[in-house]
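**Student:** Let me give you the structure first, and then I'll get to my questions.
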Amino acid sequence: MNWIFEPWPWYVAGPLIGATVPLLLLLGNKKLGISSSLRHVCAALLPANISLFKYDWKKESWNLLFVVGLFIGGYIGGSVLANPNPIALSENTQNYLSSFGIQSVPGLMPSELFSWETLLSFKGFLMMVVGGFLVGFGTRYARGCTSGHGILGLSALQWPSLVATASFFGGGILFSKFILPHILAL
Amino acid sequence: MKSIQYVLVGIFFGIVLTKGEAISWYRMQEMFRFESFHMFGIFITAIPTGAILLFLMRKAKLKTLEGEPIEMPVKPYHHGVVIGSILFGFGWALTGACPGPIYAQIGSGFLVTIVTLLSALMGTWCYGYFQKYLPD
């Protein structure tokens, strides 16, 4: 029964992620897109007369149910069926991260960076608070994220989604190369 | 009761993202540093799978379960696609999460990533507030 705790290879996870796009369309013309859920929550809780949040968010409630599912799925995949071994990272990445004191231990996130204690440090504040803010601000500005542009938009051969995907990958690559090392060294 | 199906698809998607390690900060660093094929493998199999199935659905003129014609997604261009996505890329490198994985990271037991979610909500709200002053 050990296989059930094993991580899934890319050639299993990738096609299943791609198949979610037609599945949602078949169920009810729903378009995969997760950053929209952040907009719906803002519209529901604090619309503040802002035009971006003035719409009937209840019509989009399927999207909020979907992210409730994501949360449960994360619990099943990351906790109930958690891989007991450290992630099989490439040796280069392991060496790079260990030079900042980040060890490869079981779990999907390094607790050296993501914990309640580090949240109170400048480093943790940058990683979680500033990082989260940029994710929310940027995806709404771009009207889509990795799922809406990267998976759905590219599957539907939408060229603006290719521009978006190149831009967020580019942003991530440049940030990881030039800025993140200075933050990890804090 | 029809809405429960979206919770189920969400659970499915969450398990796939998590077991595929696509919600892992470690894996995102590895991807951004081009040190493993894993994440690229996920993208280059996910997109053609979606594209081929969409193409076949259109060919077969399939309808939704409720019998409606299927609407193909349209993503118009605006400059925010570039500016917003670059900013998002910075946040992705920091948190190791795009919006979907944020929810799954919390579920997987890293409760502190609730802070990432609250900050993302704040970011979304602030975009709404400043939208009229920003180039579209």
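Every number in this text was worked out from the coordinates using simple rules, so none of it is lab data. Computed from a predicted structure; not experimentally measured. When we count neighbours, we look across all protein chains shown, and the Cβ atoms used for this are built from the backbone with ideal geometry, even at glycine.
**Student:** Please express the shape of the stretch A:80-162 as an equivalent ellipsoid: the semi-axes are the square roots of 5 times the eigenvalues of the C-alpha gyration tensor, given largest first in whole angstrom.
**Tutor:** 30, 20, 13
**Student:** Determine the sum of side-chain charges near B:Gly41: Lys and Arg each +1, Asp and Glu each -1, restricted to other residues whose C-beta is under 13 angstrom from that of B:Gly41.
**Tutor:** Taking every other residue near B:Gly41 into account, the sum is -1.
**Student:** Per the helix-only calculation at 222 nm, which mean residue ellipticity applies to the protein assembly as shown, given -39500 (n - 2.57) for every DSSP H run of n ≥ 4 and division by its residues, nearest 500 deg cm²/dmol?
**Tutor:** So the calculated ellipticity at 222 nm is -18000 deg cm²/dmol.
**Student:** Averaged over A:94-106, how many beta carbons belonging to a partner chain fall within 10 Å of each residue's beta carbon?
**Tutor:** The per-residue average across the peptide is 1.
**Student:** Tell me the label-point distance for the pair A:Ala44, B:Tyr129, using the 7 Å Cα-to-Cβ offset, in nm and rounded to one decimal.
**Tutor:** Going by the 7 Å Cα→Cβ label model, 2.2 nm.
**Student:** Further question on the same structure: Report the charge-dipole magnitude of the protein assembly as shown in Debye, nearest 20, computed about the Cα centre from +1 at each Lys and Arg Cβ and -1 at each Asp and Glu Cβ.
**Tutor:** 920
**Student:** If one computes the Cα centroid of the stretch A:142-186 and of the stretch B:72-97, what distance in Å separates the two points?
**Tutor:** 6
**Student:** Here is a further query. How crowded by other chains is A:55-63, given as the mean number of beta carbons from other chains within 10 Å of each beta carbon?
**Tutor:** 1
**Student:** After finding the eigenvalues of the alpha carbon gyration tensor for the stretch B:87-136, what semi-axes result from the square roots of 5 times each, listed largest first in whole Å?
**Tutor:** Equivalent ellipsoid semi-axes, largest first: 24, 12, 7 Å.
**Student:** Placing +1 on the Cβ of each Lys and Arg and -1 on the Cβ of each Asp and Glu in chain B, which of B:Ile11, B:Ile70, B:Thr45 has its Cα farthest towards the positive end of the resulting dipole?
**Tutor:** It is B:Ile70.
**Student:** Which residue fluctuates the most in chain B, going by a Gaussian network model with Cα springs under 10 Å, if the choices are B:Phe55, B:Phe37, B:Phe110?
**Tutor:** Maximum among the listed residues: B:Phe55.
**Student:** Here's something else I'd like to know. Pairing the Cα long axis of helix A:61-75 with the longest principal axis of chain A, what angle in degrees results, from 0 to 90 and rounded to the nearest 10?
**Tutor:** Tilt of helix A:61-75: around 20 degrees.
**Student:** Based on C-alpha coordinates, I'd like the Rg and Dmax of the protein assembly as shown, in Å.
**Tutor:** So, for the protein assembly as shown, Rg and Dmax equal 18.5, 57 Å respectively.
**Student:** Quickly rank B:92-104, A:170-182, A:72-84, A:24-36 as a protection proxy: mean count of other C-beta atoms within 10 Å, highest first.
**Tutor:** Top to bottom by mean Cβ count within 10 Å: B:92-104, A:24-36, A:72-84, A:170-182.
**Student:** Let me see the P(r) profile for the stretch A:28-101: every Cα-Cα distance counted, bins of 5 Å, each bin given as a percent of all pairs.
**Tutor:** Calculated over all Cα pairs of the stretch A:28-101, the distribution is 3, 13, 15, 13, 11, 11, 11, 9, 9, 5, 0 percent.
**Student:** In terms of the Cα gyration tensor, with a ≥ b ≥ c the square roots of its eigenvalues, is the stretch B:1-98 rounded because a/c is under 1.5, prolate because a/b exceeds b/c, or oblate?
**Tutor:** The shape class here is prolate.
**Student:** Residues with beta-carbon under 13 Å from that of A:Ile87, excluding A:Ile87: net charge, scoring Lys, Arg +1 and Asp, Glu -1?
**Tutor:** After counting each charged neighbour, the total is -3.
**Student:** Taking K and R as +1 and D and E as -1, what net charge do the other residues with C-beta under 13 Å from the C-beta of B:Val74 add up to?
**Tutor:** Value of the local net charge: +2.
**Student:** Kindly identify the stretch A:48-186 as rounded, prolate or oblate by the Cα gyration tensor criterion: order the square roots of the eigenvalues as a ≥ b ≥ c, call it rounded if a/c is under 1.5, otherwise compare a/b with b/c, prolate if a/b is larger, else oblate.
**Tutor:** Because a/c hits 1.5 or more and a/b exceeds b/c, the stretch A:48-186 counts as prolate.
**Student:** Tell me, what is the FRET efficiency for A:Ala166 and A:Asn92 to the nearest 0.05, using R0 = 22 angstrom and their Cβ-Cβ distance as r?
**Tutor:** Efficiency at R0 = 22 Å is approximately 0.35.
**Student:** To continue, here is another question. Across the residues of A:85-92, average count of Cβ atoms on other protein chains within 10 Å?
**Tutor:** For this peptide, the per-residue mean of nearby foreign Cβ atoms is 4.
**Student:** Give A:Lys30/B:Lys61; A:Lys31/B:Lys61; A:Lys58/B:Lys132; A:Lys58/B:Lys59; A:Lys59/B:Lys132 a once-over and call out the pairs whose C-alpha atoms are over 21 Å from each other.
**Tutor:** Checking Cα-Cα distances, A:Lys58/B:Lys132; A:Lys58/B:Lys59; A:Lys59/B:Lys132 exceed 21 Å.
**Student:** Hey, another quick one. Relative to the longest principal axis of the C-alpha atoms of chain A, give the angle of the C-alpha long axis of helix A:131-142, reported between 0 and 90° and rounded to the nearest 10°.
**Tutor:** It is inclined by approximately 30 degrees.
**Student:** Quick check: from the Cα gyration tensor, does the stretch A:1-130 come out rounded (a/c under 1.5), prolate or oblate?
**Tutor:** oblate
**Student:** Could you give me the ³J(HN,Hα) list for the stretch B:27-34, computed from phi with Karplus coefficients 6.51, -1.76, 1.60 and θ = phi - 60°, whole Hz, x at Gly and Pro?
**Tutor:** 5, 5, 4, 4, 5, 5, 9, 6
**Student:** Could you tell me how many cubic angstrom of Cα convex hull volume the stretch B:8-61 has per residue?
**Tutor:** Value for the stretch B:8-61: 80 Å³ per residue.
**Student:** Along the charge dipole of the protein assembly as shown, pointing to its positive end and built from +1/-1 on Cβ of Lys, Arg, Asp and Glu, which listed residue (A:Trp62, A:Leu81, A:Leu97) has its Cα farthest out?
**Tutor:** Sorting the options by dipole projection puts first A:Trp62.
**Student:** Quick one: B:Leu54, A:Leu157, fewest Cβ neighbours within 10 Å first, how do they rank?
**Tutor:** Listed from fewest to most nearby Cβ atoms, that is A:Leu157, B:Leu54.
**Student:** Using only Cα atoms, tell me the angle between helix A:10-28 and the longest principal axis of chain A; keep it within 0 to 90° and round to the nearest 10.
**Tutor:** 20
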